[in-house]
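The values are calculated or read from the model by the stated rules, or taken from the named source; none is laboratory data. The shown structure was predicted, so the numbers you read here are calculated from the model rather than taken from an experiment. A quick note on method: Cβ atoms are made from the backbone with ideal geometry, for glycine too, and the neighbour counts reach across all protein chains shown. These area figures cover heavy atoms from the full protein model, side chains too; ligands, DNA and RNA do not enter into them. Shrake-Rupley method; radii C 1.70, N 1.55, O 1.52, S 1.80 Å.
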Amino acid sequence: MGLNTKLIHGNGVSKEKKVGATNVPIYFSNAYAYNKAKDLENIFSGRDIGHVYTRISNPSIEALEKRMVAVEGGVSAIATASGMSAIYLAVMNILTPGDEIIASSGVFGGTYNFFKNLKQLNIEVKFVDELNEESLTEHITPKTKIVFAETIGNPKLDVLDIEVVSTICKIKGVVFMVDSTVTTPYLIRPLEYGADVVIHSVSKYVNGSANSIGGMIIDGGSTKFNSERYENFKHYTKRYRQFAFSAKLRNELGKDLGAVMSPMNSFLNLTGIETLSLRMKRHCHNAYQLAKYLQENPKVLHTNYPGLETSEYYPLTQKYYAKEAGGILTLRVGSKEKAFQLIDSLKLISNVTNIGDTKTLALHPASTICNGNTPEEKEQMGVYEDLIRVSVGLEDMEDIIEDLENALGGL
Ligand SMILES: *Cc1c(COP(=O)(O)O)cnc(C)c1O
């Protein structure tokens, strides 16, 4: 089955049996009744499967999880309340005090700051500018439990060499987690390149219309949790085999934290995901056109888009994405004042801290998502005082360009 078919029919979850509804019903029910006490005992003890309580599972949420597994591959998916809770749950499912994690320094600001805060739990994070054989060999120790990176960093727009990193992680026996929010399964399916776990903020492109916050964790099912490095997975690998990661997550932290996606949001995401390919194609096309335009505008000092021939990541972009390098670009205009002035002069494009919407959005990351970071940290994240991030929407290109042209003209 091709990707577009999977996005719409994946895992057969679009077929509701009772009345033949063509959309997955929204099960607004916290709990589920069973005839016999034994029935619930069987489910709680793991002998049977079934829904008992929505903090644990729900048919509407399960439908989205199954759709994501159909699209990304892997064995199991867990929908969460937000992209951040997906990242929290995925990494804390593995980490214990004293552990280390290696992360690309270009990760999303929220992720960067969360990882920094792990110090309180005596977990050390090593931020690395470029994940490659050399840097990984240098930084991986017996305490390293996770290598974490984004396919294309937001907003650094650095392109991950996913094949190289997954090869090293496999050799060293370290779990490789990939946040694919910016690329979506339309552009890349990280499990196919050897990632162990894929994470999405579905709030962005999967949802597509910015109408609900949500996250997703997809378990590739091929992780070898060697028992020396991953003491805490011994029981789960023995009992659940390829489902070890997701079984532990569902049995422990998932239940404990209760950061589940709402059934309503699952419905909205199931609607959104059907059109993912169409939208991504246009997001990418528009972003490339806009990047080309900005590159020629003398008021713009630097345009960063991984699909531009001038990008330092262009060879990696070609390897993984060809010209469709996502819907995000950044531009630098010389000073914070000019960046603010530009944002203030935009009429069609909104000043919004979000990406992946149908609408074109502009943001000054240094004063917003990276507000609490030091200048050194900002630089590591590829964020400068004069930098503006644009999440390019689906409008007609001429209108987006006209808006930016007018605003740039006033600088
Ligand atoms: C937005 C974003 C997140 C966080 O997701 P939320 O749904 O806002 O919690 C994580 N990673 C990336 C790359 C993002 O863009």
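Observations on the structure shown:
- The alpha carbons of the stretch 234-379 give a radius of gyration and a Dmax of 20.5, 62 Å, in that order.
- For residue 191, neighbours were defined as the other residues whose beta-carbon sits under 10 Å from its Cβ, and their charges (Lys and Arg +1, Asp and Glu -1) total -3.
- The listed peptides 367-374, 216-223, ordered by packing as a protection proxy, come out as 216-223, 367-374 (highest mean of other Cβ atoms within 10 Å first).
- Computed over the chain with a Gaussian network model linking Cα atoms closer than 10 Å, the most mobile of 21, 70, 31 is 21.
- Cα centre as origin, Lys/Arg/Asp/Glu Cβ charges: the chain dipole, Debye: 1760 debye
- Antiparallel bridges, percent of DSSP beta bridges restricted to the stretch 123-209 (to nearest 5): 10 percent
- Among beta bridges identified by DSSP and lying wholly in the chain, the antiparallel ones come to about 55 percent.
- All-pairs alpha carbon distance profile, the chain, 10 Å steps from 0, percent: 5, 22, 31, 25, 12, 4, 1, 0
- Cα-based convex hull, the stretch 14-78, per residue volume (Å³, whole number): 106 Å³
- Counting heavy atoms of the protein chains alone, residue 44 has an accessible area of about 140 Å² for a 1.4 Å probe.
- Proximal charge balance of residue 212 [Cβ under 13 Å; K/R count +1, D/E count -1]: 0
- For peptides 162-170, 50-58, sequence by mean Cβ density within 10 Å, most packed first: 162-170, 50-58
- Residue 309 accessible area, assembled protein chains, probe 1.4 Å, Å²: 90 Å²
- Helix-derived mean residue ellipticity, 222 nm - over the chain, DSSP H n ≥ 4, -39500 (n - 2.57), to 500: -11000 deg cm²/dmol
- Global form of the stretch 105-158, assessed from the alpha-carbon gyration tensor, a/c cut-off 1.5: oblate
- Length-normalised contact order of the chain in % [C-alpha pairs under 8 Å, at least 6 apart]: 16 percent
- In loop segments of the stretch 64-155 as defined by DSSP, the trypsin sites (Lys or Arg not before Pro) with at most 15 further C-beta atoms inside 10 Å of their C-beta are 143.
- For the stretch 219-262, the spread of Cα positions along the three principal axes, ordered from largest to smallest, is 35, 19, 16 Å.
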